[in-house]
1. Here are the criteria: (1) under 25 Å from Gly104 (Cβ atoms); (2) surrounded by fewer than 22 Cβ atoms within 10 Å (Cβ to Cβ); (3) not polar (S, T, N, Q). Tell me which single one Arg136 does not satisfy.
2. Go through the range 190-203 and count every residue that is more than 8 Å from the ligand (Cβ to nearest atom) and either surrounded by fewer than 17 Cβ atoms within 10 Å (Cβ to Cβ) or assigned to a helix (DSSP H, G or I) (or both).
3. For the range 109-121, does any single residue satisfy the condition of being at pLDDT 95 or above, more than 16 Å from the ligand (Cβ to nearest atom), within 16 Å of the chain's Cα centre (by Cα) and crowded, with 22+ Cβ neighbours inside 10 Å?
4. Could you list all residues from the range 239-272 that are part of a loop (DSSP other than H, G, I, E, B) and either farther than 22 Å from Arg11 by Cβ or hydrophobic (A, V, I, L, M, F, W, C) (or both)?
5. Take the residues of the range 229-238 that are surrounded by fewer than 24 Cβ atoms within 10 Å (Cβ to Cβ) and touching a residue at least 12 places away in the same chain (Cβ under 8 Å): which is nearest to the ligand (Cβ to nearest atom)?
6. Can you tell me how many residues in the range 162-189 are out of contact with any strand residue (DSSP E or B) (no Cβ under 7 Å at 6 or more places or on another chain) and more than 6 Å from the ligand (Cβ to nearest atom)?
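The values are calculated or read from the model by the stated rules, or taken from the named source; none is laboratory data. Everything numeric here is computed off the predicted structure, so don't read it as measured data. When we count neighbours, we look across all protein chains shown, and the Cβ atoms used for this are built from the backbone with ideal geometry, even at glycine.
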Amino acid sequence: MIIDGRSIAQRLRDRVKGEVEAFAAERGRPPGLATVLIGEDPASAVYVASKRKACKEVGIESFHRHLSADVSREEALELIDSLNADEAVSGILCQLPVPEHLDGAELTGRIDPDKDVDGLTVVNAGRLALGLEGLRPCTPSGVMVLLEETGVELSGAGAVVIGRSNLFGKPMAQLLLAANATVTMCHSRTRNLAEVARTADVLIAAVGRARMVRADWVKPGAVVIDVGVNRTGEGLVGDVDFDGVEPIAAGITPVPGGVGPMTIACLMANTIQAARMRPAIART
Ligand code: NAP
């Protein structure tokens, strides 16, 4: 079975749209998402544009702030502070990477944790680790939705995550653990990676190496989630050798059209969640 991320993401966006309408009717204004883009990195500009487009589609108000590449650290932090204080802004994201003279972690860390819709602040990472309510990183949340919608039984399943980044691998492992999977995390120092991968009922690859996971790494009947995005001469490919693995897997996500569309859909879901966390302001 090919797991169709585009249609599952569309269903999530439709659900968020309904929730946004209900929120706006109740609170007198829609949730708002502030996107902060610093400098002229073309890929970042494309990502931010697609996030703003998604906001428009689901009815979230989009506040966009574009700072020049030579903005000072103080000015960038002041902008985050002003967005933290702005009641119309429910969620804030600072598009990474930022220019070299700035520290992306410092800027992200300045975001109010209750507006941190990327789920990347220390507070939200801590809430996830402790099993407390909070905003979760969008891509691993998207993978959880794909697994749920596909009816994959996680409780008691063996899950192997290849990749241990703060952005994806670590929060992915925490979410799987919270769903009662038995989780193994792998990385560049893991010995016998193929052998470990072959134990997985659910195998998740987030490395950034084109077609690294081959058919002989996959247990027949496993569910394979490919998070990797690699630009090659043949176009975008994942970390999994799709053609080799698809015939033996019970389910597999394609690249593109698998995990990718879920990330922005989960950003929209996080924004309505953040908006609901804020106290209602009396209308005058
Ligand atoms: P990252 O920060 O570069 O982390 C890569 C991870 O892979 C690291 O933990 C690294 O191990 C591990 N690794 C590298 N080479 C390895 C090898 N030969 N064997 C085993 N593990 C190896 O990357 P990331 O941000 O997590 O992203 C990973 C991939 O997912 C990228 O292709 C990225 O584009 C994609 N991605 C897609 C989305 C989406 O929305 N679709 C979102 C996020 C990321 P060490 O820790 O030991 O170095």
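1. (2)
2. 8
3. Yes; the residues of the range 109-121 include at least one that is at pLDDT 95 or above, more than 16 Å from the ligand (Cβ to nearest atom), within 16 Å of the chain's Cα centre (by Cα) and crowded, with 22+ Cβ neighbours inside 10 Å.
4. Residues satisfying the conditions are Asp239, Asp241, Glu246, Pro247, Ile248, Ala249, Ala250, Val255, Val259.
5. Val229
6. 8
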